[in-house]
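J.: Before anything else, here's the structure in question.
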Amino acid sequence: MTPATKIGLSIAVATGLYAISYGALGVAAGLSLWQVMALSLLMFTGGSQFAFIGVLSGGGTPGAAFGAATLLGVRNAVYGMQVKAMLKPRGWKKLVAAQVTIDESTATAAGQQDPEEQKRGFWVAGIGVYVLWNIFTVVGALLGDALGDPKAWGLDGAAVAAFLGLLWPRLKGGESIAIASVCALATVLAIPMVPPGVPILVAALIAGVWGYFGKGPATEGLEPDIEPHTSREDHS
């Protein structure tokens, strides 16, 4: 089993288990079992799904819930461009890749240096999360309150811990550490002021603006260590 496969499987388990809370909250918000299942099968983006049921449980209209979910799903379009450049999927794989392009699969792929490992990590994490997310959605919807508060099980922190585990080894350069620190601070400050899921969009916007207007790409420390084919005289 390769490193990318191990990471992908661990991410799939950690994220899939969190769907228990989504299933339980979805039914509590007034959705039927089939509606909760349909959102996981078709929408399949945790932040958007939680936003959808959050608006409904707060008394919002289905239109408002759909708008909130769509806003949070915008980031997946950005991921899609990165995944297309990394994996170059063709034919029917494009459709499957589009469905399983989420935070977890993109992060797992981006965390690998070898192109084959990037592909392996993406598919293992993406398909693994998809399968387990849908399974545990049903579990949560059927058992509901019998399971208690999912946070008491630490499921809300499992996915976050997995992300930090993927991110930390990639922060090798000064600029990447600075961007991560600023984005983390912005996220913390935004949490009390905006709906759940939006802080990550704020952080993404800051990172994008930094990378665009910076002196170079905001990928220092995130690329493979490849020695440039230049002589010492080129740097004088």
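Values quoted throughout were computed directly from the atomic coordinates according to the rules given, and no laboratory measurement underlies them. All values reported here derive from a predicted model rather than from experimental measurement. FYI the Cβ positions are ideal-geometry reconstructions off the backbone, even for glycines, and counts take in every protein chain you see.
J.: Need the full-extension length gain, residue 38 to residue 143, defined as separation in residues times 0.36 nm minus the C-alpha distance. One decimal, nm. If you can, show how the numbers build up before the last one.
T.: Details: separation 105, 0.36 × 105 = 37.80 nm, distance 1.77 nm.
Net length gain for the segment: 36.0 nm.
J.: Could you let me know the centre-to-centre spacing of region 24-96 and region 100-130, using Cα atoms, in angstrom?
T.: Between the Cα centre of region 24-96 and that of region 100-130, the gap is 19 Å.
J.: For residue 127 paired with residue 177, estimate the spin-label separation in nm (one decimal), with each label point 7 Å from Cα along the Cα-to-Cβ line.
T.: Result: 3.9 nm between the two label points.
J.: Right, next: On full extension of the chain, what length is gained from residue 206 through residue 9, given 0.36 nm per residue of separation minus the C-alpha to C-alpha distance?
T.: This chain segment gains 67.9 nm when fully extended.
J.: Still on this structure, please answer the following. Are there trypsin sites (Lys or Arg not before Pro) in region 35-135 that DSSP puts in a loop and that have at most 14 other Cβ atoms within 10 Å, and which ones?
T.: On the way: sites: 75, 84, 90, 93, 94, 119, 120; in loops: 90.
Passing both the DSSP loop test and the Cβ count: 90.
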